[in-house]
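**Student:** One structure is given below, represented as structure tokens, and several questions about it will come after.
The values are calculated or read from the model by the stated rules, or taken from the named source; none is laboratory data. Computed from a predicted model, the values in this text were never measured in an experiment. Positions of Cβ are backbone-derived with ideal geometry, glycine not excepted, and every protein chain shown enters the neighbour counts.
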């Protein structure tokens, strides 16, 4: 059962919270991060990506970068940019985008739950991507970007959340990208106890976004255990920072695909080849976003098409939680056999476009450096749960969650 505990939170002073809150470290290249922090001295990106404080000839992973991150965090705690709440508390974090809200419980989750599979995963992680955050967490001694977890709707937790949201929030601001951020503190001992006991009855939670951050946090916790053989299991390093959302509040956007060429075929040959497994018909003049599972949009030669998997394809993948995913159907029956994209993680001929960027971005890429684009129907949270429950993994770039959790609003010191 899930061990989800309250924690001692370090957070921005209310007057500067909107200036501190920053998008996750991994949505930026180094150049983009350097641009983003200009004129924003309090943005947490300065700490999350401390290479922005150095000249370009200092490597992103230089030990001085992590030492600088620690120095800046400690300085901002000392000067009052950040405050430390008394006692262990939960928090509610509501994000609002385009009039739609989702609210999660901010807490700490057990590294043992991760190791033992109570916290379920649907993606593999790559060690080289983990090393940066391992160093950042270990040297700063803090989790600064929460892991995005999901759980199946629970009526007790839903009731508590509604009650808490009638109180005055700690923060209520709109970030530069138009996303609303509202935070409440849950400090009442009775309510805190009820939340913890309720989660103890929840069999599993699921990583929605942040697999590498989670793996890194867990590895730092295990490292601290090795360094402290007399650990009790109650130390802060045994837990990592997360925001847990009920399944019915989450929105997954599509993760679209663009491909460099037609694998040596003409447009006519390509259309004939894909027609073996898909029904292909013109979609009209407007950009086409699929409206049902098993359908795809395709932009080729300045025209949009609607693709639908033929019945024999649908029958062949039915009942398999991974092969039945639309991203798998496209890969296994079109991208692989027709376009020769064997491993989409490594092939330089394919790129992936988050749904937040819209279909216009697919058209732009085809006009500039690609030949064909595919718009996807979004993977559902039920499909994500089914894959994770089966102990399987999704193909790369299967889900795009919006809105993104901000870093720097909640800090868990270890």
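**Student:** In the range 253-262, is there at least one residue being part of a loop (DSSP other than H, G, I, E, B), in contact with a strand residue (DSSP E or B) (Cβ under 9 Å, 6 or more places away or on another chain), closer than 20 Å to residue 403 by Cα and in contact (Cβ under 8 Å) with a residue 12 or more places away in the chain?
**Tutor:** Looking through the range 253-262, at least one residue is part of a loop (DSSP other than H, G, I, E, B), in contact with a strand residue (DSSP E or B) (Cβ under 9 Å, 6 or more places away or on another chain), closer than 20 Å to residue 403 by Cα and in contact (Cβ under 8 Å) with a residue 12 or more places away in the chain.
**Student:** Mind checking which residues of the range 40-69 are part of a loop (DSSP other than H, G, I, E, B) and more than 21 Å from residue 15 (Cβ to Cβ)?
**Tutor:** Listed by number, the residues that qualify are 49, 54, 55, 56, 57, 58, 59, 60, 61, 62.
**Student:** A further question follows. State whether the residues of the range 368-384 include one that is on the phi > 0 side of the Ramachandran plot and outside the structural domain of residue 92 (by TED's automatic domain parsing).
**Tutor:** no
**Student:** Evaluate the following for residue 215: is it out of contact with any strand residue (DSSP E or B) (no Cβ under 9 Å at 6 or more places or on another chain), assigned to a helix (DSSP H, G or I) and not assigned by TED's automatic domain parsing to the domain that holds residue 97?
**Tutor:** Judged against the criteria, residue 215 is not a match.
**Student:** Report, by residue number, each residue of the range 236-251 that is outside any helix (DSSP H, G or I) and either modelled with pLDDT under 95 or out of contact with any helix residue (DSSP H, G or I) (no Cβ under 9 Å at 6 or more places or on another chain) (or both).
**Tutor:** 243, 245, 250, 251 - these are the residues of the range 236-251 that are outside any helix (DSSP H, G or I) and either modelled with pLDDT under 95 or out of contact with any helix residue (DSSP H, G or I) (no Cβ under 9 Å at 6 or more places or on another chain) (or both).
**Student:** Within the range 48-71, can one find any residue that is under 24 Å from residue 180 (Cα atoms), surrounded by 14 or more Cβ atoms within 10 Å (Cβ to Cβ), touching a residue at least 60 places away in the same chain (Cβ under 8 Å) and within 22 Å of the chain's Cα centre (by Cα)?
**Tutor:** So far as the range 48-71 goes, yes, one or more of its residues are under 24 Å from residue 180 (Cα atoms), surrounded by 14 or more Cβ atoms within 10 Å (Cβ to Cβ), touching a residue at least 60 places away in the same chain (Cβ under 8 Å) and within 22 Å of the chain's Cα centre (by Cα).
**Student:** Output the residues belonging to the range 10-42 that are touching a helix residue (DSSP H, G or I) at 6+ places or on another chain (Cβ under 6 Å) and touching a residue at least 40 places away in the same chain (Cβ under 8 Å).
**Tutor:** Within the range 10-42, 12, 22, 25 qualify.
**Student:** What's the number of the condition residue 96 fails, among (1) in a loop (DSSP other than H, G, I, E, B); (2) under 22 Å from residue 410 (Cα atoms)?
**Tutor:** Condition not satisfied by residue 96: (1).
**Student:** Another question, if that's okay. Give 376, 298 a once-over and let me know the one that is touching a residue at least 60 places away in the same chain (Cβ under 8 Å) and within 23 Å of the chain's Cα centre (by Cα).
**Tutor:** Every option except 376 fails the conditions.
**Student:** Moving on to the next point. Which numbered condition trips up residue 376, out of (1) under 24 Å from residue 181 (Cα atoms); (2) touching a helix residue (DSSP H, G or I) at 6+ places or on another chain (Cβ under 7 Å)?
**Tutor:** (1)
**Student:** Under the condition of being in a helix (DSSP H, G or I) and crowded, with 20+ Cβ neighbours inside 10 Å, which residue from the range 9-24 is nearest to the chain's Cα centre (by Cα)?
**Tutor:** Here the residue is 20.
**Student:** Quick one: would you say residue 195 is outside the structural domain of residue 296 (by TED's automatic domain parsing), in contact (Cβ under 8 Å) with a residue 24 or more places away in the chain, in a strand (DSSP E or B) and closer than 30 Å to residue 400 by Cβ?
**Tutor:** no
**Student:** So residue 128 fits all but one of (1) closer than 30 Å to residue 232 by Cα; (2) without any contact (Cβ under 8 Å) to a residue 12 or more places away in the chain; what number is the exception?
**Tutor:** (1)
**Student:** While we're looking at this one, here's another question. Just to check your reading of the model, which residue among 220, 259, 164 is buried (at least 18 other Cβ atoms within 10 Å of the Cβ), in the same structural domain as residue 345 (by TED's automatic domain parsing) and touching a helix residue (DSSP H, G or I) at 6+ places or on another chain (Cβ under 8 Å)?
**Tutor:** The match here is 259.
**Student:** While we're looking at this one, here's another question. Need a quick list: helices (runs of 4 or more DSSP H) entirely within the range 306-414 having at least 3 residues that are surrounded by fewer than 17 Cβ atoms within 10 Å (Cβ to Cβ).
**Tutor:** 311-317, 359-368
**Student:** From 140, 81, 103, grab the single residue that is surrounded by 13 or more Cβ atoms within 10 Å (Cβ to Cβ), touching a strand residue (DSSP E or B) at 6+ places or on another chain (Cβ under 6 Å) and at negative phi.
**Tutor:** Unique residue meeting the criteria: 103.
**Student:** Continuing with this model, one more query. Restricting to the range 179-192, and then to whatever is touching a strand residue (DSSP E or B) at 6+ places or on another chain (Cβ under 8 Å) and assigned to a loop (DSSP other than H, G, I, E, B), can you tell me which residue is farthest from residue 356 (Cα to Cα)?
**Tutor:** Looking at residues that are touching a strand residue (DSSP E or B) at 6+ places or on another chain (Cβ under 8 Å) and assigned to a loop (DSSP other than H, G, I, E, B), I get 187.
**Student:** Among the listed residues 283, 273, 287, identify the single one that is modelled with pLDDT of 95 or more, farther than 19 Å from residue 353 by Cβ and crowded, with 16+ Cβ neighbours inside 10 Å.
**Tutor:** Sole residue among the options that is modelled with pLDDT of 95 or more, farther than 19 Å from residue 353 by Cβ and crowded, with 16+ Cβ neighbours inside 10 Å: 273.
**Student:** Can you tell me how many residues within the range 290-303 are assigned to a strand (DSSP E or B) and in contact with a strand residue (DSSP E or B) (Cβ under 6 Å, 6 or more places away or on another chain)?
**Tutor:** Total meeting the criteria: 6.
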